[in-house]
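Below: one structure, written as structure tokens.
All of the numbers you see were taken from the coordinates with simple rules; none came from a lab. None of the values given here were measured: they were computed from a predicted structure. Because the Cβ atoms are built from the backbone with ideal geometry, glycine has one as well, and the counts that use them run over all protein chains shown.
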Amino acid sequence: MTTRVGITGAAGRMGRTLIEAIAMAGDGLKLAAAIERPESSLLGADAGELAGLGSNGIALVGSLEEVIGDIDVLIDFTVPAATLANAALCAREGIALVIGTTGFTADEQARLEAAAAVTPVCKASNFSTGVNLCFKLLDMAARVLGDEVDIEVYEAHHRHKIDAPSGTALSMGEVVASALGRDLSRVAVYGREGQTGPRDRETIGFATVRAGDIVGDHTVTFAAEGERVEITHKASSRMSFARGAVRAAGWLAGRDAGLYDMQDVLGL
Ligand code: NAP
């Protein structure tokens, strides 16, 4: 059976890459709808041409509701407000949802969890296989190195990114904090300036860089007296995220309602 996929934010950076990733995915998946804002000047444009692939016969539409009956799974990489509205519609219609958008507040996260109680949702701050492997390595490093090290998370992204620190950096912090039995909301330090005093070992620091066209760099440093371990991931193309999200869409179709993540998809 072929899984019919819709993409919201189809003309965005990730949207166009997702169109290409679906075209490369083989027979099990096909692009069935491409959705943009109702006021987009690109409505009616051919989604395949938008992604630089040549025509695929799918025209960009301005409303998810218009095409919801044509899809089995929606992939959404947009902004929190749009994702929340799309999640409510998917929950109402029983459509599976892959969420790549980042930057949700705790209240917004709770609304996504409510949607996942009635329809399958796969949400990940980072859909690349390499980053999900890094989550495992970070868990292992934190457990082995324990309270003997200072832990710092560094991330760098392109100048257009609107949230900070990145969702991936926060997920890395969560993995490390949870391995050490710490509450990230209590121990996280977001940037330092002025007379900060000496470092408290319990804290987990975050440093953010925004510059040029960096697709996504993350490094977690575990620094002890006399040595340090660094776990680094560098994305050089958005295709790493898009391929993972498309794999998640195929995996999610037909599953029971629930909130899943990329670790579930990869069987980690
Ligand atoms: P982008 O290029 O700005 O694309 C966002 C798309 O969403 C655009 O097409 C935009 O349309 C559309 N959009 C914005 N507001 C909307 C609204 N209210 N209703 C409907 N559509 C709306 O951004 P991007 O780089 O693709 O990133 C999108 C999201 O994915 C971000 O949250 C980013 O952090 C996240 N991301 C996640 C991963 C992962 O692996 N999880 C990887 C990369 C990026 P306009 O251009 O008309 O505003």
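Based on DSSP H segments of at least four residues, each scored -39500 (n - 2.57), the chain has a per-residue ellipticity at 222 nm of -10500 deg cm²/dmol.
Compared with the dominant principal axis of the Cα atoms in the chain, helix 106-116 is inclined by about 50°.
Helix 13-23 and the longest principal axis of the C-alpha atoms of the chain enclose an angle of approximately 60°.
Note on the chain: GNM, Cα springs under 10 Å; of Arg255, Arg199, Arg210, the largest mean-square fluctuation is that of Arg199.
Consider a paramagnetic label point 7 Å from the Cα of Ala81 along Cα→Cβ; state which residues of segment 11-52 have an amide N under 15 Å from it. Once the point is set 7 Å along Cα→Cβ of Ala81, 37-40 turn out to lie under 15 Å by backbone N, inside segment 11-52. Springs join every pair of Cα atoms under 10 Å in this Gaussian network model of the chain, and among Ala164, Ala141, Ala32 the largest mean-square fluctuation is at Ala141.
Compute the angle between helix 129-145 and the longest alpha-carbon principal axis of the chain, please, reported from 0 to 90 degrees and rounded to the nearest 10. It works out to around 20 degrees. When peptides 87-93, 165-171 are ranked by their average number of other Cβ atoms within 10 Å per residue, the highest-first order is 165-171, 87-93. Segment 118-159 and segment 39-111 have Cα centres separated by 26 Å. With the simple spin-label model, which puts each label point 7 Å out from Cα in the Cβ direction, the Leu259 to Glu193 separation comes to 3.3 nm.
Lysine pair count for the chain (Cα-Cα distance under 21 Å; residues 8 or more apart in sequence or on different chains): 6. Expressed to the nearest 5 percent, the antiparallel share of DSSP beta bridges inside the chain is 35 percent. Among beta bridges identified by DSSP and lying wholly in segment 129-235, the antiparallel ones come to about 60 percent. As a ratio to 2.2 N^0.38 Å, the alpha-carbon radius of gyration computed for segment 195-239 takes the value 1.52.
Comparing Val131, Val98, Val209 in a Gaussian network model of the chain, where Cα atoms under 10 Å apart are tied by springs, the biggest mean-square fluctuation is seen for Val209.
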